[in-house]
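Let me begin by presenting the structure, written as structure tokens, before commenting on it.
The values are calculated or read from the model by the stated rules, or taken from the named source; none is laboratory data. Remember, predicted model here, so these are calculated numbers, not experimental data. In this analysis, Cβ positions are derived from the backbone assuming ideal geometry, glycine residues included, and neighbour counts consider all displayed protein chains.
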Amino acid sequence: MEAPTRGGNLITSHIVFDETTGMSATMKAFERDPTEKPKAHTMRAPMMALANPDPVLQFPAGTKLVPHVFLRNSTAVPLRVGASLLWRSPSQSGSLGLPEMTLAPGATRLVSLAAAGVPADAYWATVVLEYKGRRGDLVPVAASFDESGRYGLQTPFSEGVSHLWKGSMWHVDATRNSLITAGNGGTGITHAAVTLFYNKGKDFYTIEKQLQPGEQIWADVGDIIRSEMPDKNGNTIPRDVTMGTYELRDLDHIGVGYLYEGKLVIDKSWGHGYYGCAGCCGYDGQQLLPNPFSDSVGTEGNNTAESEDMCSDSWVDVTSETYDWTSTNSGIVNLASAVSHFMSPGTVTGSGQVQLQRQLARLDCPVQGFEPQNTQNSCSISLTRTNLTQTSASGSPDSLAGDPAFTYSVSGTGTIATYATSDANANPNTATTGGTPNTGAPEPGGLGTLKATYNCETAAVSTSFQVPTFGLSCYYLALESDWGTPPSNCSSVYISIYGETYSGSSTNLSGMPAGTYCNAFLGELRLQGSGSTKAGIKVHYVSGDYPTWTFSVISAFTGADGTALVPNGSVARDRSIVPRNTTVQLPSGSYVANDVGGGITGYRLDVFMGTGVAACSGFQNNVVVAACSPATSTCPGQ
């Protein structure tokens, strides 16, 4: 039959039937495209019965088969054909070269294998034919029947090898048995799996075998069931199972497989073996994931190449089969393997090459090259702290900005800084760090991690930095005149950190100039650390509490670090957070950390404002952002 146009849409069937012997067969048709470029072809008939039939066929004793191969040259020129025989017996296997043949144009030749010189117990063979030309130039048919034509079988030649074959029905009952095989048609070792499905596909049975080139794995389904032979997982097929389907899988090659297939259903009533072809599972369509693939400059990430398996309608990872990885600009994304290295801002196309068997069942899934691609975006973010409470972030490439382009977040414990922008899509983007207003009692701040994120297409790139916040309070030098006149006109004061109310007066105290003092003034001395008497004498609290407290006269007001206290320029702090010789930058200015206080622990600062209660009038105990110089891990710099 010839189709001058659209030949791929024509499918033919050829059925042979002998009413006398009950023999029937479906004859395989071969397609030929005269415009195809000539190349090397290898064809195999994998289940050729030899002269002495396998007992599994249950032919009558003494049956002798006559194995023949019919060869037809369908071209108008001579065709050279090489042939070989891969035989197997129950105990061994081997190969045998056959004489090379040259077929005249249009000629048909009958080749007998009866005297091939194989061992007497070699029941089966794979016939291998090789020629150079177009598909369909050689039309071969293999058959093994006895002289009467009553007993025998045929097996088709096929050119296909695949990573996966899906088979039709197998049958095992009182009159039928099924033989299934897969052979290694490749040039290297591979592992093959034969899986039998039954119980409507809910259960399965799998055997595996390592195959050398030309070697086969066989499954005698009837024997597997009758002998309750366990599979690789220890499973057996129940004896009442009579039919199912099967698949053949190359476990080592998912792109271009090595396996060829064969199946015979043996009909014991008629003495025939009927072949049933499996369908190769090819691919159609490919993708490179993720797509788009975006990440930040200086990072790397894995690409996954996938192709759609048309037998299962599922996407299969074929990354291991992919080669020649590249991008359109290696300076932006270096893609020398499946790993993308994001080098500098920009957009490229990433790709790889992969050889797969395409889903064209009528051509046994021919090998075709595919080039899966994706878009890869290399993004970056740069950030500058323009001052204590403000940052400027730039994202690149600007063309890949999402909506919003920038987002900001904070993390940490305690009352940490805030971080926000008034225009999330501006690029460059200005954001503000801030503290927390507090009109109540002092509370500690904390060490926060602030993160700026540039939302670049499907990915986001971020940068982060740490900002300390401190809860503020105010202290001053106690002034005796603020607390009345002893002994009868003294004020009282409750100091919460001590849980005491100080009132009344005391006379001739240890370390104080002789005289009587209001206890409220003395309590303030204890709280503030130092102060001045009405006579201008500088005094300092040493230890103890009413009525056994101790004081001393000093010559100058200094912090615990031994340097002078500066109004609105010194702070008391926790030395484990802010060490000696450190300057603390606050929104209100720079402060020397040169004092400590009994209640000042963690992220707290007590700001020295001067002398007397009035010095701290209106002071608010806010939590504010800060920076230290020199910077430390507990108090980073700006």
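Listed here are the residues, each with its yes/no results for (1) outside any strand (DSSP E or B); (2) touching a residue at least 40 places away in the same chain (Cβ under 8 Å); (3) under 30 Å from Q216 (Cα atoms).
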| site | (1), (2), (3) |
| --- | --- |
| H253 | yes, yes, yes |
| K263 | no, yes, yes |
| S269 | yes, yes, yes |
| D284 | no, yes, yes |
| S307 | no, yes, yes |
| V316 | no, yes, yes |
| D324 | no, no, no |
| G331 | yes, no, no |
- Is it the case that D606 is touching a helix residue (DSSP H, G or I) at 6+ places or on another chain (Cβ under 8 Å) and either surrounded by fewer than 16 Cβ atoms within 10 Å (Cβ to Cβ) or within 30 Å of T432 (Cα to Cα) (or both)? no
- Selection from the stretch 466-485 of residues buried (at least 24 other Cβ atoms within 10 Å of the Cβ) and assigned to a helix (DSSP H, G or I) yields E480, W483
- Query: Any idea how many residues of the stretch 40-98 are in contact with a Ser or Thr (Cβ under 7 Å, 6 or more places away or on another chain) and not aliphatic (A, V, I, L, M)?
  - Reply: 13
- Task: Sort out which residues of the stretch 617-638 are in contact (Cβ under 8 Å) with a residue 40 or more places away in the chain, surrounded by fewer than 16 Cβ atoms within 10 Å (Cβ to Cβ) and hydrophobic (A, V, I, L, M, F, W, C), and write them in order of number.
- Result: F619
- Query: Got at least one residue in the stretch 452-462 being surrounded by fewer than 19 Cβ atoms within 10 Å (Cβ to Cβ) and at pLDDT 95 or above?
  - Reply: no
- Note on the structure: Checked K39, K28 against criteria (under 46 Å from the mean Cα position of the chain (by Cα), loosely packed, with under 13 Cβ neighbours inside 10 Å and in contact (Cβ under 8 Å) with a residue 12 or more places away in the chain); the one match is K39
- Note on the structure: The strands (runs of 3 or more DSSP E) lying wholly within the stretch 162-240 that contain at least 3 residues that are of a type in the set (S, T, N, Q) are 176-184
- Does S590 qualify as being farther than 16 Å from K538 by Cα, assigned to a loop (DSSP other than H, G, I, E, B) and hydroxyl-bearing (S, T, Y)? no
- Message: Can you tell me how many residues within the stretch 129-149 are among the basic types (K, R) and surrounded by 19 or more Cβ atoms within 10 Å (Cβ to Cβ)?
- Response: 1
- Note on the structure: Taking the stretch 382-439 and keeping only residues that are touching a Leu at 6+ places or on another chain (Cβ under 8 Å), farther than 26 Å from D295 by Cα and in a strand (DSSP E or B), one is left with T433
- Message: Just checking, does the stretch 509-521 include any residue being in a strand (DSSP E or B) and within 30 Å of V624 (Cβ to Cβ)?
- Response: no
- Neighbours by Cβ (under 6 Å, 6+ apart or cross-chain): first from the stretch 181-192, in the same structural domain as V221 (by TED's automatic domain parsing); second of a type in the set (F, W, Y) and in a strand (DSSP E or B): T181/W218; G183/Y260; G185/Y260
- Message: Testing T245 on (1) at pLDDT 95 or above; (2) in a loop (DSSP other than H, G, I, E, B); (3) within 21 Å of D203 (Cα to Cα), one condition comes back false. Which one is that?
- Response: (2)
- Across the stretch 206-242, what is the total count of residues that are surrounded by 13 or more Cβ atoms within 10 Å (Cβ to Cβ) and under 19 Å from L259 (Cα atoms)? 14
- Being touching a Gly at 6+ places or on another chain (Cβ under 6 Å), more than 19 Å from K263 (Cα to Cα) and at pLDDT below 90 narrows it down to one of T21, T5, so name that one. T21
- Message: Criterion first (surrounded by fewer than 20 Cβ atoms within 10 Å (Cβ to Cβ) and acidic (D, E)) does E524 satisfy it?
- Response: no
- With a cut-off of at least 2 residues that are modelled with pLDDT of 95 or more, out of contact with any Asp or Glu (no Cβ under 9 Å at 6 or more places or on another chain) and not assigned by TED's automatic domain parsing to the domain that holds G214, name the strands (runs of 3 or more DSSP E) lying wholly within the stretch 58-155. 66-73, 93-103, 108-112, 124-133, 138-145
- Identify, from the list G511, G504, G589, the residue that is modelled with pLDDT of 95 or more and surrounded by fewer than 13 Cβ atoms within 10 Å (Cβ to Cβ). G589
- Task: Name every residue in the stretch 552-562 that is in a loop (DSSP other than H, G, I, E, B) and either over 21 Å from L472 (Cα atoms) or touching a residue at least 60 places away in the same chain (Cβ under 8 Å) (or both), in order of residue number.
- Result: I554, S555, A556, F557, G562
- Scanning the stretch 342-380 for residues that are assigned to a strand (DSSP E or B) and basic (K, R) gives R358
- Query: Considering only the stretch 255-269, how many residues are within 40 Å of the chain's Cα centre (by Cα) and crowded, with 21+ Cβ neighbours inside 10 Å?
  - Reply: 7
- Out of the residues in the stretch 287-305 that are at pLDDT 95 or above and crowded, with 19+ Cβ neighbours inside 10 Å, which is farthest from G255 (Cα to Cα)? N303
- Considering only residues that are assigned to a strand (DSSP E or B) and among the hydroxyl-bearing types (S, T, Y), look in the stretch 440-458 and name the one that is nearest to V623 (Cα to Cα). T449
- Query: Of the numbered conditions (1) in a strand (DSSP E or B); (2) among the β-branched types (V, I, T); (3) touching a Gly at 6+ places or on another chain (Cβ under 7 Å), V461 satisfies every one except a single condition; which is it?
  - Reply: (3)
- Item | Flag for S340 being surrounded by fewer than 19 Cβ atoms within 10 Å (Cβ to Cβ), modelled with pLDDT of 95 or more and either of a type in the set (F, W, Y) or within 17 Å of the chain's Cα centre (by Cα) (or both) | no
- Task: Select from the stretch 529-543 the residues that are surrounded by fewer than 20 Cβ atoms within 10 Å (Cβ to Cβ), touching a residue at least 24 places away in the same chain (Cβ under 8 Å) and not aliphatic (A, V, I, L, M) and list them in ascending order.
- Result: S532, T533, K534
- Task: Look at the stretch 593-638 and say how many of its residues are closer than 22 Å to V542 by Cα, of a type in the set (A, V, I, L, M) and part of a loop (DSSP other than H, G, I, E, B).
- Result: 2
